[in-house]
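For reference, the structure is listed below as structure tokens.
Please treat every number below as a calculation from the coordinates, not as lab data. Computed from a prediction, not measured in an experiment: that's the story for all the values here. So basically every Cβ, Gly included, is an ideal-geometry build from the backbone, and we count neighbours across all protein chains shown.
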Amino acid sequence: MGFGCGRCLTTVVVSAITIVLSGLAAFAHQGTATWNQFRGPNGQGVAQADRIPIQFGPDSNVLWKTSIPTGHSSPVIWGDRVFLTAYEPADRKELMTMAVDRNNGRVLWRQVVQAETEGSFHALNNAASSTPAADDRHVYAYFGTYGLVCYDHAGTEIWRRKLDAPGSKYGVATSPILYEDKVILVQDGDNGSSRLLAVRQDNGETVWETPRLLFKAGWSTPMIWRHDDKEELIVLGSRRLTSYDPATGQEIWWAGGFCDETVGVPVAGEGLLFASAAALGGRGDEQLDAASMWKTTVEEFDRNHDNQIQRDEMTEGFGFIQRPELPKDNPGYAMPIGNMDSLQRMFDQDKNGIISEGEWMQTMAGFAARSSPTLVAIRPGATQDTRPSHVAWEIARGIPETSSPLYCQGRIFLLRDGGVLTCLEAATGREIFRERIGASGQYIASPVVAGDKLIAASVPGVVTVIQVGDELKVLGRNDFREKIYATPAVADNKIYLRTMDHLYALGQ
């Protein structure tokens, strides 16, 4: 009897200890800081926070600052590690993955793979633009000129998988994502071999591969759309948004109407999926303001003031203006022209050797007609072509070229070059406001939200903090005096910001 009671008591104690330990383990897992891929969990750019810093800078609210090599990839976080990729500018074949201690900024390890080719890149891109992805065991880095490589958190290489570089005149920028036991990667290129690839996280072996032969080069990162107990792999590519089964790679539905060059990551909210792409040349509005472009061109190049452009007036700097909101010396302001005679022939409709205002307007109208900007909201449940039945709303105004849309608290935020922020009601597409945030320049980094604060980083290096709401309320502008291409990461009320030469941890 006594033995039996002792055994019962022991059982109760052991059970109680087991419950406590299980609860502690669950709490520890839940408490692990994660910003595990480009734009954080599922690429949505949203983090919980209640005391994010508003005023900060190179010498203010800096917890630590670490010098890092060149790269445009964004920092990712798992636990006490910050992971990122970089390359050696003197030898663009030398590609590195790094881990930094999140507590003090100390570089814990660097591992290098050697590419066989340097590749070719746009001035705003480089060999380390793809952001790695991390889980509780590994970090997975993708380099367009090399392939995939996997390390554990201590820096030990687990596997590597060389992949042919997708053909692209601008270079690669898409990032890998994780789904269950798979690493999923989009490899869209201009060489006719575009594909969607899923490999095993443990060894890099192919799980499934889906050809995307009709797709040209793209720079968007996929995401997982979860709704109605279903999961869909969403890929934005040239001219088309496509849904796949993430377990098998089988196509489910598609939506056309996008331009050839797509960059942003789709987001979800209010039971809808949102995807956006600017028109060719970065145009974010349906109408091209050709008149103001003509005025700017005439003011600079029309030396005899006859409101026409002669061939001898097409001097250095004359070009096909694509992004008038950017500084003239900014890459992408005007289409690169190798031959002024060719440019003149493109505009000179009557072949009299002179570009008139009418010819300028006609040529620009033809260029605008080639593609349109769009943000589309899609309801779940579609099969095959989704446009006839499942488009909830669509707009063609204020569409970003590079930065991704952001869903937060029933609103969609769109951030364009020049610092123009548009806020929409997510359920209907109704415009709530469209205003400049007071920090001009180009925006390559995507906006993110920490709690109820929106964080936007411009290429010139100004990080603006904005209160999320139905009117524009700028809380702070912070100038780092270094260029910023990487999207900030957020964890534990801290901002992790990669500038051209440094990685910052910012907090109160």
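Just flag the trypsin sites (Lys or Arg not before Pro) in region 259-332 sitting in loop per DSSP whose Cβ has no more than 14 other Cβ atoms within 10 Å.
Arg303, Lys328
Using the number of other C-beta atoms within 10 angstrom as an exposure proxy, rank Thr499, Thr156 with the fewest first. Can you show the working numbers first?
Numbers: Thr499 20, Thr156 11.
Sorted ascending by nearby Cβ count, the order is Thr156, Thr499.
Pairs Lys295/Lys483; Lys162/Lys230; Lys169/Lys216; Lys328/Lys483; Lys182/Lys453; Lys216/Lys328: which are spaced more than 22 Å apart, C-alpha to C-alpha? Let's see the in-between values first.
Working: Lys295/Lys483 30 Å; Lys162/Lys230 32 Å; Lys169/Lys216 11 Å; Lys328/Lys483 17 Å; Lys182/Lys453 33 Å; Lys216/Lys328 29 Å.
Over 22 Å Cα-Cα: Lys295/Lys483; Lys162/Lys230; Lys182/Lys453; Lys216/Lys328.
Nearest 10 degrees, 0 to 90: what angle lies between the long axis of helix 2-31 and the longest principal axis of the chain (Cα atoms)?
Taking Cα atoms only, the helix is inclined about 10 degrees.
Please label the shape of region 290-369 as rounded, prolate or oblate, based on the square roots a ≥ b ≥ c of the eigenvalues of the alpha-carbon gyration tensor (a/c under 1.5 means rounded; beyond that, a/b larger than b/c means prolate, else oblate).
Judged from the Cα gyration tensor, region 290-369 comes out rounded (a/c under 1.5).
Give the order of Val112, Val139 when sorted by the count of other beta carbons within 10 angstrom, beginning with the fewest.
Neighbour counts put them in this order, fewest first: Val112, Val139.
For Gln349 and Glu435, compute 0.36 nm times the residue count separating them, minus their Cα-Cα distance, and round to one decimal in nm. Walk me through the intermediate numbers first.
Details: separation 86, 0.36 × 86 = 30.96 nm, distance 3.78 nm.
This chain segment gains 27.2 nm when fully extended.
Return the whole-Å distance between the Cα centroid of region 161-238 and the Cα centroid of region 413-485.
So the separation of the two Cα centres works out to 29 Å.
Test of the criteria: in region 281-363, which GluC sites (Glu not before Pro) are in a DSSP loop and have at most 12 other Cβ atoms within 10 angstrom of their Cβ? Before the final figure, lay out the partial values.
Numbers: sites: Glu286, Glu299, Glu300, Glu313, Glu316, Glu325, Glu357, Glu359; in loops: Glu286, Glu316, Glu325.
Passing sites in region 281-363 are Glu316.
Counting other Cβ atoms within 10 Å of each Cβ, which trypsin sites (Lys or Arg not before Pro) in region 466-508 have at most 13 and sit in a DSSP loop? Don't skip to the end; give the middle numbers.
Details: sites: Lys473, Arg477, Arg481, Lys483, Lys494, Arg498; in loops: Lys473, Arg481, Lys483.
Of the trypsin sites (Lys or Arg not before Pro), the ones in loops of region 466-508 whose Cβ has at most 13 other Cβ atoms within 10 Å are Lys473, Arg481.
What's the Kirkwood radius of the chain in Å, using all Cα pairs? Let's see the in-between values first.
Values: mean 1/r = 0.0412 Å⁻¹.
It works out to 24.3 Å.
Between His502 and residues 5 or more places away or on another chain, which pairs have amide H atoms under 5 Å apart, with H built 1.01 Å from N, and which residues are they?
Sorted by chain and number, the residues that satisfy this are Ile68.
Calculate for the chain the 222 nm mean residue ellipticity that helices alone would give, adding -39,500 (n - 2.57) per DSSP H run of length 4 or more and normalising by residue count, nearest 500 deg cm²/dmol.
Only helices count here, giving -4000 deg cm²/dmol.
Tell me the relative contact order for the chain as a rounded percent, counting alpha carbon contacts under 8 Å between residues six or more apart.
Averaging sequence separation for qualifying contacts and normalising by length gives 15 percent for the chain.
Taking the beta-carbon count within 10 Å as an exposure proxy, list Trp109, Trp78 from fewest neighbours to most.
Going from least to most buried by this count: Trp109, Trp78.
Any idea what angle helix 290-301 forms with the longest principal axis of the chain, computed on alpha-carbon atoms, 0 to 90 degrees, nearest 10?
With rounding to tens, the tilt is 70 degrees.
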